[in-house]
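Notes to accompany the following structure.
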Amino acid sequence: MNRPIPRTCPRTCAPRRARRISLVLGLLLALVGHGAQAAEAEDDVSPSLLAAAVLAEVNAFRSLHGLKPWQADPALGRLAQVHSGHLVGWRRLSHDGFMQRFDASGRNTCVENLARGFRDPSTMLQAWLASPAHARNLLDSQPTHVGLGDVRGYVTLLACTAAPANFALRGAEQVAQR
């Protein structure tokens with residue numbers, strides 16, 4: 001006898017499940033590099049339009065959760081930019097060298113999120129939020145400053161505590177040599 005399979009989820013679960021699936025698929029696409037082709041990014045240390053828009057999205061998200069916005073930090077931006085350049089050369093996302101970036105920052109705490117192939121900052125944010133570890137980074141209350149690097153669609157977000165008053169950044173050049 002062919003009996004219908006009983007529904008275990010009410011009809012309201014379908015939109016939620018579809019949203020979850022689309023977020024997970026977005027993250028997976030980013031991780032394997034099948035996201036939208038990124039616009040040609042600037043290769044200097046000035047933040048790209050995408051990086052500035054990502055920071056605005058992240059800060060809006062943080063404020064929704066009662067957290068202070070992150071302040072753009074040029075020194076962290078240089079470290080993030082150098083790492084994004086490395087990612088282009090490696091043709092993959094990787095946190096390799098994070099401890100060197102952390103040490104070069106001179107900060108007490110740093111977190112890092114990476115992305116590839118996104119042209120839309122809200123889609124990038126949603127992909128990060130679909131990953132518990134990346135979402136935790138965005139909701140971390142310790143970092144106060146952030147640097148964003150964007151080279152040919154490879155984005156590095158490096159958020160850290162404020163630099164000590166007597167610390168001079170050892171330089172992105174040292175990190176670039178590693």
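Give me the pairs: first residue in region 95-115 and without any contact (Cβ under 8 Å) to a residue 60 or more places away in the chain, second residue among the β-branched types (Val, Ile, Thr) and crowded, with 20+ Cβ neighbours inside 10 Å, beta-carbon distance under 7 Å, and six or more apart or on different chains, which are they?
Within 7 Å, the pairs are 112/156; 114/155; 114/156.
Return the total of residues in region 139-157 being more than 15 Å from residue 53 (Cβ to Cβ), of a type in the set (A, V, I, L, M) and either open to solvent by 50 Å² or more (accessible area, probe 1.4 Å) or at pLDDT 95 or above (or both).
So the answer is 1.
Residue by residue through region 87-116, note down the ones that are surrounded by fewer than 22 Cβ atoms within 10 Å (Cβ to Cβ) and closer than 17 Å to residue 48 by Cβ. Quick ask: steps written out before the conclusion?
Let us first name the residues in region 87-116 that are surrounded by fewer than 22 Cβ atoms within 10 Å (Cβ to Cβ), namely 88-100, 102-103, 106, 108-109, 111-112.
Matches in region 87-116: 88 only.
Here is a check on your reading of the model: is residue 164 at pLDDT below 95, open to solvent by 50 Å² or more (accessible area, probe 1.4 Å), out of contact with any Lys or Arg (no Cβ under 7 Å at 6 or more places or on another chain) and not charged (D, E, K, R)? Let's see the steps before the verdict.
On the way: at pLDDT below 95: yes; open to solvent by 50 Å² or more (accessible area, probe 1.4 Å): yes; out of contact with any Lys or Arg (no Cβ under 7 Å at 6 or more places or on another chain): yes; not charged (D, E, K, R): yes.
So residue 164 fits the description; yes.
The values are calculated or read from the model by the stated rules, or taken from the named source; none is laboratory data. Everything numeric here is computed off the predicted structure, so don't read it as measured data. Virtual Cβ from ideal backbone geometry, glycine too; neighbours counted across all protein chains shown. Note: areas computed on protein heavy atoms with side chains; ligands, DNA, RNA excluded. Shrake-Rupley method; radii C 1.70, N 1.55, O 1.52, S 1.80 Å.
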